[in-house]
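Before any comments, here is the structure.
The values are calculated or read from the model by the stated rules, or taken from the named source; none is laboratory data. Since the structure is predicted, the reported quantities are computational estimates derived from the model, not experimental observations. Glycine gets a Cβ as well: all are built from the backbone with ideal geometry, and neighbour counts include every protein chain shown. Surface areas here come from the heavy atoms of the whole protein model, side chains and all, with no ligands, DNA or RNA. Shrake-Rupley method; radii C 1.70, N 1.55, O 1.52, S 1.80 Å.
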Amino acid sequence: MKVTLNWLKQYVDFDWSADELTERLTMLGLEVEGVRKIAGEFDGIVVAQVITRDKHPNADKLSLCRVNDGRGERQIVCGAHNFKAGDKVPLIMPGAALPLKPGDKQPMVIKVGKIRGVESQGMLCSPQELGLPDDVDGLLILREDAKVGQAFAEYLGRSGGDVVYDLEVTPNRPDWNSVIGIAREIAALTGNALKIPELKAAGENISSAAQDSIPSPLPSDVRGEVRASPASAIDKLAAVCVLDADLCPRYTARLVRGVKIGPSPDWLRAALEKVGIRSISNVVDVTNYVMMETGQPLHAFDYRLIAPGADGRPTIVVRRAAEGEKFTALDGQARSLTSEMLLIADEQKGIALAGIMGGQNTEINDSTTDVLIETAYFKPSNIRRTSKTLGLRSESSYRFERGADPGICAWAGLRCAQLIAETAGGGIVEGLIDASAANLDPREITLRHHKVNELLGVNLRPEEIEYFLGQLGLKLAHRKVRPVGAEGPPEPVTFRIPTFRADLKREADLIEEVARLYGVDKIPSTPPRGALGSNVHDAVHDAIAEARRILIGLGLNEAQGQTLVSGADCGATAGAAPALANPLSSAMDVLRPSLLPGLIHSLRHNASRKNYDVGLFEIGRVFSSADGKTREQRRLAVALTGQRDPLFWTGADRDAKCDIYDLKGVLDEFLEHFGLRGVAFARRAESTGPFLESAAVRVVKDEVGEFGQLLPAVAKKNDLRDAVFLAELNLDLLLRWRTSAKSFKPLPAFPSVRRDVAMIVSEAVTHDAVMRLVKQTKPANLESVDLFDVFRGQNVPADHKSMAYAFTYRHAERTLTDAEVNSAHERLIAAFKQELKAAVRE
């Protein structure tokens, strides 16, 4: 939702600065995503008229123009082709800068320069270059009545400057999708009155004091029942028949005759363009303006294109579409509808897709003279389902699917009719067609004053509480009278909830409103009473935080992938991925069965930005589906690719790439520091998932994960130039086997003794097998074992390798003798010869 500072000030008085308004709205619960100041953004841009347009002498696709800027003529070289001599266009003068657009760091300053050898003294502008919401391919052609030499900002009605706020509106507050809704919040906070225009048309008067939605109770004749109103002029000219009152609880219509379609006045077009809506015509712009103003979507039909009913009156029929019925919307695309979709039709054809978009067959055009205005309330769930099924979204569907205000239909329709009469001429036909089948009486909620203070931890008086709620438009319906002399808390009061506050449903909601207006920042922070208990989830949270700390210490960066992924990216695990019944898109149709697709996507994202040396980890939940049940599991994944070390000017290995041993080293270090004992690695005979070759990771008796190299075909598909190494571990199993206890030993005070052993063993013998044998032999005083060389080649038999180890012996309390070390070491060598069939090289 976009709104401007000046637009808000039309409905409520306040003297906050632009930055202060941002802070106030944020504290009220409205997240301000962006603030754009547009004062002075068109400085140096004027309305100019093209005098002549000739071919550039040195370029086939360029034109050489003479233009009048209001002070004289100047020469301009232009590459656009959609203009002719006599057209009026925006001209930016030398020395001025184009408006900054999102992503721009520096403004583009226009200078006098030569283009293909011909001097150009300025630049004629397209709407895109000016940051205006228009899809014209070429220059922005201005109206014939534009004054040559006029400042372009003045032409747009922006000469006073303004500030545009981009607000993130939560789905539970549809009333914030309107300028009046936001102004109402400001009025509640300042205590100033909400200024709503008083409307009079064709002998009717629907004032702000008579409207529940802005903000007082509805008059009885538009309270919600299907009314039998006295005959009026509009009843003789049009009719409405609602065949599905469940999907359309209220439908109102007004008629304006004798209009002249044309461009909107500057104030109207400028108001819409500031909030990102392209100006189309005066009538259509008014419907958009009132929609932004009130939050109530409206639609304007060409009255003469609506087919008459049996009695000769053009008749609106609100019905479900026939299965397979074709409908062409304003976007020009024909769509096939289902019987679950609501259609606005006449006696012969569909003329609008209810709450979403009108049809081409009744759209406002240059020959339109009579306009039928629709204001209605449609069932939100049906609009949401239809919009998603058809892949068709609009400003109207955005508001209807979140829940519009059924009580504002009559007021919004009359407001629209009056503005059409002011901007397009014509007269408003007397009367209102109001087909309402639902009970729209405002609901009531009872509030206990003492409960407010109990939940908020403050001490507010009853009159303060009632004042805050009254500021929001809630009316006091009745108060339970306390007997004379009775003691205790004040008796509860009941508030009538206006129809624009669909989110207020219970007492706690009213208390939350009191907290917002009182000020969340004023509510004191107090520690919880009683003892703080411990929970198993606290330990899990701490353990996961420790895992993150260790992995970051190992040089990895944390990635956070999407829980919803594409089934096509899941590879062999796609079959186990729980599918969504109603996916947002084909790229988010399953719950992730693995963390690896997300990490591969992150590597691709980095590679596309020339960052090829990446080490990532991710901790998150994955999901699987079996026997009709969905299960979730915590996992830890690691990805390495590119160079092992950052670039440096020297060193033999400075260009070395990561390999599988780098990944195994990361896993070894992590598992050791995380408190895992009994870790073993075993090469798999056949790889699974996306791995070219892989190995299993075991802790005691459980297989906790797998690591290996990504299939080159998958790496190539993702534009990854270097080999990629991946690991994925079951974090739930790691937490189960983890030992959090830590032991500390003093630094050694006595010297160590080192013995090196080089032995020839079969290729099948792994480093893990050697280490397991060392642990089983338990040589006395052995402090550490390090593998420092593996050799294959000369003097080593085929299918064998030479492995060289350094064994360090040390006693904590004295110096070891050679005899003690030799005795322990000889036991170890004997075990190598017997168990590993090793040939020890002397």
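Quick one: is Ala764 farther than 30 Å from Pro597 by Cβ, out of contact with any strand residue (DSSP E or B) (no Cβ under 8 Å at 6 or more places or on another chain) and open to solvent by 20 Å² or more (accessible area, probe 1.4 Å)? So Ala764 passes the test. Scanning segment 119-142 for residues that are of a type outside the set (Val, Ile, Thr), within 18 Å of Leu64 (Cα to Cα) and either open to solvent by 20 Å² or more (accessible area, probe 1.4 Å) or touching a Phe, Trp or Tyr at 6+ places or on another chain (Cβ under 6 Å) (or both) yields Glu119, Gln121, Met123, Leu139, Leu140.
In segment 376-400, the residues that are free of Cβ contacts under 8 Å to residues at least 40 places away in the same chain reach residues that are part of a helix (DSSP H, G or I) and open to solvent by 40 Å² or more (accessible area, probe 1.4 Å) with C-beta atoms within less than 9 angstrom, at least six apart or across chains, in these pairs: Ser387/Tyr398. You will find that of Glu422, Glu430, the residue that is open to solvent by 10 Å² or more (accessible area, probe 1.4 Å) and in a loop (DSSP other than H, G, I, E, B) is Glu430 and no other. Return a yes/no flag: does segment 781-792 have any residue that is under 53 Å from the mean Cα position of the chain (by Cα), closer than 30 Å to Phe623 by Cα, open to solvent by 80 Å² or more (accessible area, probe 1.4 Å) and of a type outside the set (Lys, Arg). No, segment 781-792 has no match at all.
Per-residue answers, yes or no, for (1) open to solvent by 30 Å² or more (accessible area, probe 1.4 Å); (2) under 24 Å from Ala352 (Cα atoms); (3) of a type in the set (A, V, I, L, M, F, W, C):
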position	(1), (2), (3)
Ala233	yes, no, yes
Leu237	yes, yes, yes
Arg250	no, yes, no
Val256	no, yes, yes
Lys274	no, no, no
Ser281	no, yes, no
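Remark: pairs (first residue in segment 76-99, within 18 Å of Val118 (Cβ to Cβ); second residue hydroxyl-bearing (Ser, Thr, Tyr) and part of a loop (DSSP other than H, G, I, E, B); Cβ separation under 7 Å; 6+ apart in sequence or on different chains) = Ala80/Ser126. In segment 579-608, the residue that is surrounded by the fewest Cβ atoms within 10 Å (Cβ to Cβ) out of those that are without any contact (Cβ under 8 Å) to a residue 24 or more places away in the chain and part of a helix (DSSP H, G or I) is Ser586. Considering every residue within segment 803-815, establish whether at least one is more than 56 Å from the chain's Cα centre (by Cα), among the β-branched types (Val, Ile, Thr) and either exposed (fewer than 14 other Cβ atoms within 10 Å of the Cβ) or over 25 Å from Pro751 (Cβ atoms) (or both). Yes, there is a match, as at least one residue in segment 803-815 is more than 56 Å from the chain's Cα centre (by Cα), among the β-branched types (Val, Ile, Thr) and either exposed (fewer than 14 other Cβ atoms within 10 Å of the Cβ) or over 25 Å from Pro751 (Cβ atoms) (or both). Counting only strands (runs of 3 or more DSSP E) that sit completely within segment 29-79, those holding 2 or more residues that are surrounded by fewer than 20 Cβ atoms within 10 Å (Cβ to Cβ) and acidic (Asp, Glu) correspond to 31-37. Pairing residues of segment 124-149 that are within 19 Å of Pro265 (Cβ to Cβ) and modelled with pLDDT of 85 or more with residues that are among the β-branched types (Val, Ile, Thr) and crowded, with 19+ Cβ neighbours inside 10 Å, at Cβ distances under 8 Å and at least 6 apart in sequence or on separate chains, gives Leu140/Val89; Ile141/Val89; Leu142/Val47; Leu142/Val89; Ala146/Val47; Lys147/Val47.
Within the span defined as segment 219-227, every residue fails to be crowded, with 20+ Cβ neighbours inside 10 Å, over 30 Å from Lys475 (Cα atoms) and either modelled with pLDDT of 95 or more or not small (Gly, Ala, Ser) (or both).
Quick grid of which residues meet (1) at pLDDT below 85; (2) touching an Asp or Glu at 6+ places or on another chain (Cβ under 6 Å); (3) open to solvent by less than 60 Å² (accessible area, probe 1.4 Å); (4) of a type outside the set (Phe, Trp, Tyr):
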site	(1), (2), (3), (4)
Arg482	yes, yes, no, yes
Phe500	no, yes, yes, no
Glu512	no, no, no, yes
Gly530	yes, no, no, yes
Asp538	yes, no, no, yes
Ile550	no, no, yes, yes
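Inspection of segment 716-724 finds a residue satisfying the criterion of being crowded, with 20+ Cβ neighbours inside 10 Å, farther than 23 Å from Ala576 by Cβ and out of contact with any His (no Cβ under 8 Å at 6 or more places or on another chain). Which residue pairs have Cβ atoms closer than 7 Å, lie 6 or more positions apart in sequence or on different chains, and pair a first residue in segment 451-476 that is charged (D, E, K, R) and open to solvent by 40 Å² or more (accessible area, probe 1.4 Å) with a second residue that is in a helix (DSSP H, G or I) and modelled with pLDDT of 90 or more? From residues that are charged (D, E, K, R) and open to solvent by 40 Å² or more (accessible area, probe 1.4 Å), the pairs are Lys451/Glu507; Lys451/Ile511. All of (1) open to solvent by 30 Å² or more (accessible area, probe 1.4 Å); (2) touching a strand residue (DSSP E or B) at 6+ places or on another chain (Cβ under 7 Å); (3) under 27 Å from Val699 (Cα atoms) hold for Ser752 with one exception: (3). If we keep just the residues of segment 304-342 that are among the hydrophobic types (A, V, I, L, M, F, W, C) and open to solvent by 20 Å² or more (accessible area, probe 1.4 Å), which is farthest from the chain's Cα centre (by Cα)? Ranking the qualifying residues of segment 304-342, first place goes to Ala310.
Quick one: how many residues across segment 699-731 are in a helix (DSSP H, G or I), of a type in the set (A, V, I, L, M, F, W, C) and without any contact (Cβ under 8 Å) to a residue 60 or more places away in the chain? Count: 2. In summary, Arg677 fulfils each of the numbered conditions (1) touching a helix residue (DSSP H, G or I) at 6+ places or on another chain (Cβ under 6 Å); (2) open to solvent by 40 Å² or more (accessible area, probe 1.4 Å); (3) assigned to a loop (DSSP other than H, G, I, E, B) with the single exception of condition (1). When the criteria are applied in full, Tyr289 meets the requirement of being within 30 Å of Leu5 (Cα to Cα) and aromatic (Phe, Trp, Tyr).
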